[in-house]
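The values are calculated or read from the model by the stated rules, or taken from the named source; none is laboratory data. Keep in mind the model is a prediction, meaning the values are calculated, not measured. FYI the Cβ positions are ideal-geometry reconstructions off the backbone, even for glycines, and counts take in every protein chain you see.
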Amino acid sequence: MPTCRRKRVVLTEPSQALLQVAETNPDKDVYYLHQTGEIFETYEAYAARMSFYRLKQFQCEVTGKSGLDYFQALESEQQEAQTMHSRFPEPLKAAVLKAVQWQVVGRLDHLVEAVFDRFKDRYFADEKVYVDVQGDKILHVIPPKCGLSDIDTEKQASTSTSPPATTPEESVQIHKIGGDLKVPTKEALALDDPLKYSYNVQILEEQHDRSHEKGKLSLKEKVKWSGSLMDVQCAVMSRDRLAFSKSILRRFIRDCVDRDAAVASPWTVKEAVAKHYGVDSVMPEETRKGVETIKRGEIDKRKKAWEDKEGPPTKKQKKMTAAQEERVKALAAAAEKREKEAREKAEKQKAKEEAERLAAEKKKKKPIRYPTEDLDIHVSEKDKKTGVRVQKPAPSRTILPFAEDPVAFESFLMAWNFLVVYGQPLHLSSFTMDEFEHAIRHSAAETPCVMLGEIHSTLIYNLRTVPFSRHSAVLSLLRLKDALEDGHKVYGVTIEQLTAVMADVGNNWDRVPLRQADLRRGWEDALLGCLKDHATTANFPRLREILTRLLFAPESNLESSASSSSSRVSSATPQVLSILSVPSERYYSLPPADRIAILAFMCNLAVTSKAIHVHMDSCEEQLTALRKEKIEINRMKKQYTEEMNTLSGEVEAKQNRAANGAEDSTVPDLSDLSDSPSEEGSESASVTSGRRKSSSRQKDLRQRAHTQAHSKQREIARAKVAAEKQAQAEYRRLDEEVNKIERRLEGIEREFRKLLGAIRVKPLGKDRFHNRIWWFDGLGSTSLLGSGGVVQYGAGRVFVQGPTQMDVDLMSKRDDGIDSRRHEEEGEGKLAPNEWAAYTEPEEIDEFMAWLNTKGIRELALKNAMTKWWNHIVPGMRKRLSVCLTLPSLVCSTHFPLGRQR
């Protein structure tokens, strides 16, 4: 049975109420855990139990493996038990189980020792053994001819070549006294000596030489002995250690026996095992009396030990006078009072020591290892005094595009990100979020927006490759008509009128050419045809309203054709549309929310196209190539750095040696100049004047040697200078190579961001309150740097998204006042779940970075990510601000070239 914290796991029993309900209502639904057979009445109880079983805190009782869940531990025990039972000798199992039945032994190890000592030299029929003379299998056990009165002599076998087969009942009678643990060891050896047994052994097959064999037999002798019979004794026999040892015996006994928790409880064989091996499960009366006697003795022994610890009871005299009785009572009361005071004093002392211990532990509490959970870190008063920023700078909610409608903003953000990221397979040039916003807001039908035409045209071309059903929009509208009341109108148009007009518009949308030279003329009609065949009221809820706006116009439309833009905006939401129109005239009267809904729907469909899937696979391949290149470049960088360190070390060593050599060389030069003349002078003083000519010749030789030495020193110095120059040149070359590698690594990081953005867009990270930080520049087909290293931007902002509802629920379960803390540290910047806001100025990003606490796991990762891209985030924000201030008309241009010629 698997254990949890060293205790066996007790299976849950059905409650009495559930059993009673089951009797009255057998069809009641319950939750059944088939791995353990447990039954639960509620799903909560079932889930709680399953969660408990899935915890990695269980231990296999057989192997001791820990860190497993309940089912893994149970499987491990079953496998080990199966292996153990297959290895343990089958003829030995019944004898061992009968020996351990009803044994009162405190520790399992002691029981194993006793069983092993009794059975290590006792063998049973059909056991496979090793014999020093090639024996292999016991055919029959021959008990001693005397000394065992309880063995039937008729069951003794002869040493003939065909001994009678023995039955299990016959093998059980063997070693009856020796295998009985109730009989003392010495008495068992005297009455049932294992050395007196003879075993009729049959050699099963040819055996190879083993290291423990005493003699070497030739091949002919081995073949001669193969299959023959012989009588041997236990002195030359042994079992396989994998089949019989203390460890496997311990596992066998522990798997087959059990014991109650009461004092001096006997070991009992499990009922199923006892029934299988014929072990008596009913305790004999004599054994029961013996167990009770042992139990009473153990209880009395413990009771006596307790009384000796507490002190012997006061013995009363058989006959005492009244005065003596009063004196004894007084002494007993005084002794009791002293004991009570002593106990109180000991308790107070113990409580004091416990309080001191707790105080010391609290004082010696281990320091927190950073980084840790962000919400566990609090800004202390000391940190506030040092100038740590407490409150986060509030991001702006109103600066977001279409901030008045959160759903429209999220769809707008998704559509822009999709068009920019997959610009290459869609054949679109990159454009900023501001340009896309102003294109969506463009409402002048007289000057069509080229950007809108290019975007819708490329999406229409892409959706021609996506499977669709003809007239799916018409069919879904007709089904919707059956669910609505008769005559139901939207903007004054019924479904019958709408479907009748739709039949004549956009039928050739999948074949009509949308040429760039014609400014994609006719894309509005193709758009309506695309919606007719791809959209339904299920996947596009606003389908009916948008189609009605595209095909019908208000009565005042003709009169207000020359009105101002404000009048056009006011007519963008008409109440009644009664005049037939065409999509090319009505598209620019759609509100921005409807245009965004159309683009979001088309982008969601385009994700399933083959071109997008091929592009994503290509990005995966390029990512793999970049990873390999990055590994190789890092290896080269490490090699160059090591060479640079070696060169710098050699240059310093040469300089040190040169300095030491210069100091050392001055000494012999001075000695040469001082000693030589003195020696010559002394010699010249002692010789005659006739040798002055020889002295002058020696002087010339010394000057010549001095000159040669100086020339050699100059050559050595020139060589050292040349070597140093060469080392410095090599060092500069390696430094340039390292700089090139670092620039390439930066380029690889930018490529990584572009390619990863085409597969999955991830936030930069989360702050302490699980707000997600998004930066959308440099993804997909966009680039952070243009030609010549010019900074480019896409959104030019850092977006903040509120925590998910799950994160909010997890934070609310904390007991440290998370709501008040969020109000204090976020202030006005506190975002609702999944609410959006943005930072638009670099100063706000600086303040946000100062607010982040690197002691937290999430904020440390976020700050590292923002620091990594800091040289691109801030310049992009500044360029966007400069563009918006200096060229406000650029983002409003309606003639921005986007598409490529198809």
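State all residues of the stretch 464-507 that are over 30 Å from Lys610 (Cβ atoms) and touching a Gly at 6+ places or on another chain (Cβ under 8 Å); if no residue qualifies, say none.
Thr494, the sole residue that qualifies.
Can you name every residue in the stretch 789-814 that is over 22 Å from Gly423 (Cα atoms) and assigned to a helix (DSSP H, G or I)?
Of everything in the stretch 789-814, those that are over 22 Å from Gly423 (Cα atoms) and assigned to a helix (DSSP H, G or I) turn out to be Gln805, Met806, Asp807, Val808, Asp809, Leu810, Met811, Ser812.
From the list Leu734, Leu831, which one is at pLDDT 90 or above, more than 36 Å from the chain's Cα centre (by Cα) and among the hydrophobic types (A, V, I, L, M, F, W, C)? Steps first, answer last, please.
Values: Leu831 fails: more than 36 Å from the chain's Cα centre (by Cα).
Within the list Leu734, Leu831, the selection yields Leu734.
Starting from residues that are among the small types (Gly, Ala, Ser) and assigned to a strand (DSSP E or B), keep the ones in the stretch 818-845 and report whichever is nearest to Ser882 (Cα to Cα). Explain how you work it out, then say what you get.
To start, the set of residues in the stretch 818-845 that are among the small types (Gly, Ala, Ser) comprises 820, 827, 829, 832, 837-838.
Right, trim to assigned to a strand (DSSP E or B) and you get 837-838.
On the way: Ala837: 21, Ala838: 18 Å.
Ranking the candidates gives Ala838 first.
Looking at Ala662, is it modelled with pLDDT under 70, in a helix (DSSP H, G or I), touching a helix residue (DSSP H, G or I) at 6+ places or on another chain (Cβ under 7 Å) and not charged (D, E, K, R)? Break it down into steps so the answer makes sense when it comes.
Numbers: modelled with pLDDT under 70: yes; in a helix (DSSP H, G or I): yes; touching a helix residue (DSSP H, G or I) at 6+ places or on another chain (Cβ under 7 Å): no; not charged (D, E, K, R): yes.
No.
Do we find that Arg479 is of a type in the set (Lys, Arg), surrounded by fewer than 18 Cβ atoms within 10 Å (Cβ to Cβ) and in the same structural domain as Leu590 (by TED's automatic domain parsing) in this structure? Step through it out loud before you land on a result.
Working: of a type in the set (Lys, Arg): yes; surrounded by fewer than 18 Cβ atoms within 10 Å (Cβ to Cβ): yes; in the same structural domain as Leu590 (by TED's automatic domain parsing): yes.
In short, yes.
Here are the criteria: (1) of a type outside the set (Phe, Trp, Tyr); (2) touching a strand residue (DSSP E or B) at 6+ places or on another chain (Cβ under 9 Å); (3) without any contact (Cβ under 8 Å) to a residue 60 or more places away in the chain. Tell me which single one His427 does not satisfy.
Of (1) of a type outside the set (Phe, Trp, Tyr); (2) touching a strand residue (DSSP E or B) at 6+ places or on another chain (Cβ under 9 Å); (3) without any contact (Cβ under 8 Å) to a residue 60 or more places away in the chain, only one is false for His427: (3).
Yes/no per residue for (1) under 29 Å from Ser247 (Cβ atoms); (2) touching a helix residue (DSSP H, G or I) at 6+ places or on another chain (Cβ under 6 Å):
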| residue | (1), (2) |
| --- | --- |
| Val10 | yes, no |
| Ala22 | no, no |
| Asp27 | no, no |
| Val30 | no, no |
| Ile39 | no, no |
| Ser51 | no, no |
| Phe58 | yes, yes |
| Tyr70 | yes, yes |
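Can you find a residue in the stretch 204-226 that is modelled with pLDDT of 80 or more and either more than 16 Å from Asp121 (Cα to Cα) or of a type in the set (Lys, Arg) (or both)? Give the steps one after another, and end with the answer.
First pass over the stretch 204-226, keeping only residues modelled with pLDDT of 80 or more: none.
Among the residues of the stretch 204-226, not one is modelled with pLDDT of 80 or more and either more than 16 Å from Asp121 (Cα to Cα) or of a type in the set (Lys, Arg) (or both), which makes the answer no.
Every residue in the stretch 760-774 that is out of contact with any Pro (no Cβ under 8 Å at 6 or more places or on another chain), part of a loop (DSSP other than H, G, I, E, B) and surrounded by fewer than 22 Cβ atoms within 10 Å (Cβ to Cβ), please.
Selection gives Arg760, Val761, Lys762, Pro763, Leu764.
Restricting the search to the stretch 24-58, which residues are part of a helix (DSSP H, G or I) and either in contact (Cβ under 8 Å) with a residue 24 or more places away in the chain or not hydroxyl-bearing (Ser, Thr, Tyr) (or both)? Don't jump to the end; show me each part of the working.
So the first thing to find is which residues in the stretch 24-58 are part of a helix (DSSP H, G or I), and the list is 24, 43-54.
Result: Glu44, Ala45, Ala47, Ala48, Arg49, Met50, Phe52, Arg54.
Residue by residue, here is whether (1) acidic (Asp, Glu); (2) in contact with an Asp or Glu (Cβ under 9 Å, 6 or more places away or on another chain); (3) modelled with pLDDT of 95 or more holds:
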| position | (1), (2), (3) |
| --- | --- |
| Thr608 | no, no, no |
| Met616 | no, no, no |
| Cys619 | no, no, no |
| Gln622 | no, yes, no |
| Leu626 | no, yes, no |
| Lys638 | no, no, no |
| Thr641 | no, no, no |
| Leu647 | no, yes, no |
| Glu650 | yes, no, no |
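Give the stretch 389-402 a look and list any residue that's in contact (Cβ under 8 Å) with a residue 12 or more places away in the chain and not in a strand (DSSP E or B), or say none.
From the stretch 389-402, those in contact (Cβ under 8 Å) with a residue 12 or more places away in the chain are 389-397, 399-402; that's our starting set.
Arg389, Val390, Gln391, Lys392, Pro393, Ala394, Pro395, Arg397, Ile399, Leu400, Pro401, Phe402 - these are the residues of the stretch 389-402 that are in contact (Cβ under 8 Å) with a residue 12 or more places away in the chain and not in a strand (DSSP E or B).
From the set of residues in the stretch 69-111 that are closer than 29 Å to Arg5 by Cβ and among the charged types (D, E, K, R), which is nearest to the chain's Cα centre (by Cα)?
Selected residue: Asp69.
Just checking, how many residues over the stretch 506-529 are out of contact with any Phe, Trp or Tyr (no Cβ under 8 Å at 6 or more places or on another chain), buried (at least 18 other Cβ atoms within 10 Å of the Cβ) and either outside the structural domain of Leu551 (by TED's automatic domain parsing) or not in a helix (DSSP H, G or I) (or both)?
Within the stretch 506-529, residues that are out of contact with any Phe, Trp or Tyr (no Cβ under 8 Å at 6 or more places or on another chain), buried (at least 18 other Cβ atoms within 10 Å of the Cβ) and either outside the structural domain of Leu551 (by TED's automatic domain parsing) or not in a helix (DSSP H, G or I) (or both) number 4.
What's the number of the only condition in (1) at pLDDT 50 or above; (2) under 23 Å from Gly278 (Cβ atoms); (3) over 58 Å from the mean Cα position of the chain (by Cα) that Pro164 fails to meet?
(1)
So in the stretch 467-505, with the set limited to residues that are in contact (Cβ under 8 Å) with a residue 40 or more places away in the chain and in a loop (DSSP other than H, G, I, E, B), which one is nearest to Gly522 (Cα to Cα)?
Val505
In this structure, does Leu459 turn out to be in contact with a Leu (Cβ under 9 Å, 6 or more places away or on another chain) and surrounded by 22 or more Cβ atoms within 10 Å (Cβ to Cβ)?
Values: in contact with a Leu (Cβ under 9 Å, 6 or more places away or on another chain): yes; surrounded by 22 or more Cβ atoms within 10 Å (Cβ to Cβ): yes.
When the stated conditions are applied, Leu459 passes them.
Assuming Ala473 fulfils every condition listed in (1) surrounded by fewer than 19 Cβ atoms within 10 Å (Cβ to Cβ); (2) of a type in the set (A, V, I, L, M, F, W, C); (3) in contact with a Ser or Thr (Cβ under 9 Å, 6 or more places away or on another chain) apart from one, which condition is it?
Among (1) surrounded by fewer than 19 Cβ atoms within 10 Å (Cβ to Cβ); (2) of a type in the set (A, V, I, L, M, F, W, C); (3) in contact with a Ser or Thr (Cβ under 9 Å, 6 or more places away or on another chain), the lone unmet condition for Ala473 is (1).
Working only within the stretch 71-113, note down all residues that are in contact with a strand residue (DSSP E or B) (Cβ under 6 Å, 6 or more places away or on another chain) and over 29 Å from Gly290 (Cα atoms).
Selection gives Ala73 alone.
Given the conditions (1) in contact with a strand residue (DSSP E or B) (Cβ under 7 Å, 6 or more places away or on another chain); (2) closer than 17 Å to Lys766 by Cα; (3) surrounded by 17 or more Cβ atoms within 10 Å (Cβ to Cβ), and given that Ala865 satisfies all but one, which numbered condition is not satisfied?
Condition (3) is where Ala865 drops out.
Can you list residue pairs whose Cβ atoms sit under 6 Å apart, with the first residue in the stretch 276-304 being in the same structural domain as Ala262 (by TED's automatic domain parsing) and closer than 20 Å to Val257 by Cα and the second being at pLDDT 80 or above and polar (S, T, N, Q)? Count only pairs 6 or more apart in sequence or on different chains.
Close Cβ pairs (under 6 Å, with a partner that is at pLDDT 80 or above and polar (S, T, N, Q)) amount to Val279/Gln101.
Let me confirm something: among Asn645, Asn634, which residue is under 30 Å from the mean Cα position of the chain (by Cα), not assigned by TED's automatic domain parsing to the domain that holds Ala538 and not hydrophobic (A, V, I, L, M, F, W, C)? Show your work before the answer.
Working: Asn645 fails: under 30 Å from the mean Cα position of the chain (by Cα).
Checking each option against the conditions leaves just Asn634.
Condition check: of a type in the set (Val, Ile, Thr) and surrounded by fewer than 17 Cβ atoms within 10 Å (Cβ to Cβ). Does Val800 satisfy that? Please lay out each step first, then the result.
Values: of a type in the set (Val, Ile, Thr): yes; surrounded by fewer than 17 Cβ atoms within 10 Å (Cβ to Cβ): no.
For Val800, the condition - of a type in the set (Val, Ile, Thr) and surrounded by fewer than 17 Cβ atoms within 10 Å (Cβ to Cβ) - is not met.
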